[in-house]
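K.L.:
Let me begin by handing over the structure; questions about it come next.
The values are calculated or read from the model by the stated rules, or taken from the named source; none is laboratory data. Computed from a predicted model, the values in this text were never measured in an experiment. Every residue, glycine among them, receives a Cβ derived from its backbone with ideal geometry; neighbour counts consider all protein chains shown.
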């Protein structure tokens, strides 16, 4: 069984910005508040406690009780909701889209990371309480990103038209999806558990927000997970002063634009709009525009004067929806939050936002990269062993892996670097002779050197190709196992759904993840499922 570890920085799957953030490079230090270490959470606790009001806690708790009405909730989740009214209670939060049946595996890893960090913080700071929160992205409207999941490389797809916030979307039509998925599952107790989970989530709840709440609650309620839907009037009312500022002053555009102007070589994840708000109704989610002194709703006939729009905000705050630039601010205004846990893409846009938080006088959270995991079976481990592969091999690009293993299998030295160096030395001597005898001869020497080196490179490629044919059987087995573990030559967690592994392991899948994932580690977790 391979035993080597793969750091996030060396995996090849994260951007330069995220790698430099993890390495705490000087270039990134102005982009975050505190780096995620146990020691830094003490300062974060003190700052957040000073900047979070009791009134907000009371509104939050009342809204959560309202949202959980009609759901079967564990005692520990009920207790966590009650604890949020206590000034010594803080949250650790992750957010995610309402992907059908959780979508890719990393949905599960995000929530496990949040739960496990709460446990670590409680051990380090026993006088405080830490509540894991899953923020449902109910106000998103990118239905095409969430209306499917993969099961054993088969795409299970929900065909439906969608307008407006996806959380309000009716679950009508998911009966057909259930029938397709049910047939794929086959027989067995674990298959039946998955059928029941899908049926109860999507066929017994009327909208996608409630279905997702049921699903996440069933998977994690014994861990005290609290699930929050920000698409509600009471929480938006708490945020309305910031919405008003955005409408009148467009501060977020100014602050975020200033930050990303200093990014240099770093890729910009998202660009701010002049107004980073949507106007939403059940079947409408469109940008708010300001043109010629009038606020207009994009792709709609609605338009408002400033006074009319502010009156709408006063009476119907739920009609105003923050986009990707303002949603983090909304989250941190209504939650006593210490840390946001997300993927590399999410942290990349959070790293654009610190100055906007400072301008709005809201504490910027600690940013933590979620756990990443590779799940392997004992059979796959055995295959890797027999082929002499370690995990760093399997994380390599396939073309590089095949070349490297071909060279390892070959009886010959397939690297012509020594011969190329020898050739360069010979032509260097010829160049020196030409300089002393006939300078016009130098061009011919250089041309001949280029031709000879090109010839060596072609021989090297031909020999490598021949050796690949000689070792084709072993190389095919290497390709096969890498494709199993890295579908489409990408991370397993970005495509496969948890159900594929739950089918084999049942409830022990999530228990194993809870036991093994350390959120403050910066290494891939490679877990062998038994």
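K.L.:
If we only count strands (runs of 3 or more DSSP E) wholly inside segment 310-390, which ones have 2 or more residues that are more than 30 Å from residue 38 (Cβ to Cβ), modelled with pLDDT of 95 or more and in contact with a strand residue (DSSP E or B) (Cβ under 8 Å, 6 or more places away or on another chain)?
P.N.:
320-322
K.L.:
Any idea which residue in segment 298-329 is surrounded by the fewest Cβ atoms within 10 Å (Cβ to Cβ), counting only those that are touching a helix residue (DSSP H, G or I) at 6+ places or on another chain (Cβ under 8 Å) and closer than 14 Å to residue 349 by Cβ?
P.N.:
This residue is 324.
K.L.:
Please work out which residue is surrounded by the most Cβ atoms within 10 Å (Cβ to Cβ), limiting yourself to segment 245-261 and to residues that are touching a helix residue (DSSP H, G or I) at 6+ places or on another chain (Cβ under 8 Å) and farther than 14 Å from residue 355 by Cβ.
P.N.:
246
K.L.:
Where in segment 16-83 are there helices (runs of 4 or more DSSP H), lying wholly inside it, with at least 2 residues that are in contact (Cβ under 8 Å) with a residue 60 or more places away in the chain and under 28 Å from residue 263 (Cβ atoms)?
P.N.:
Ranges flagged: 16-22, 38-50.
K.L.:
Regarding segment 168-184, can at least one residue be identified that is under 30 Å from residue 309 (Cα atoms) and surrounded by 14 or more Cβ atoms within 10 Å (Cβ to Cβ)?
P.N.:
For segment 168-184, residues under 30 Å from residue 309 (Cα atoms) and surrounded by 14 or more Cβ atoms within 10 Å (Cβ to Cβ): present.
K.L.:
Where in segment 169-280 are the helices (runs of 4 or more DSSP H), entirely inside, with at least 2 residues that are over 26 Å from the mean Cα position of the chain (by Cα) and farther than 26 Å from residue 55 by Cβ?
P.N.:
Here the list reads 174-185, 189-198.
K.L.:
To continue, here is another question. Would you check which residues across segment 392-411 are touching a helix residue (DSSP H, G or I) at 6+ places or on another chain (Cβ under 8 Å) and closer than 20 Å to residue 374 by Cα and list them?
P.N.:
Selection gives 393, 394, 396, 397, 398, 401.
K.L.:
Okay, next question. Taking residue 121 as meeting all but one of (1) touching a helix residue (DSSP H, G or I) at 6+ places or on another chain (Cβ under 8 Å); (2) within 30 Å of residue 484 (Cβ to Cβ); (3) buried (at least 18 other Cβ atoms within 10 Å of the Cβ), write down the number of the exception.
P.N.:
The failed condition is (2).
K.L.:
Identify all residues within segment 493-525 that are at negative phi and part of a loop (DSSP other than H, G, I, E, B); write none if there are none.
P.N.:
Listed by number, the residues that qualify are 495, 497, 507, 517, 518, 519, 520, 521, 522, 524.
K.L.:
Please list, ordered by first then second residue, the pairs with beta carbon atoms under 7 Å, 6 or more apart or interchain, first in segment 469-490 and without any contact (Cβ under 8 Å) to a residue 12 or more places away in the chain, second part of a loop (DSSP other than H, G, I, E, B).
P.N.:
488/495
K.L.:
Taking residue 138 as meeting all but one of (1) outside any loop (DSSP other than H, G, I, E, B); (2) within 25 Å of residue 162 (Cα to Cα); (3) in contact (Cβ under 8 Å) with a residue 60 or more places away in the chain, write down the number of the exception.
P.N.:
Of the numbered conditions (1) outside any loop (DSSP other than H, G, I, E, B); (2) within 25 Å of residue 162 (Cα to Cα); (3) in contact (Cβ under 8 Å) with a residue 60 or more places away in the chain, the odd one out for residue 138 is (1).
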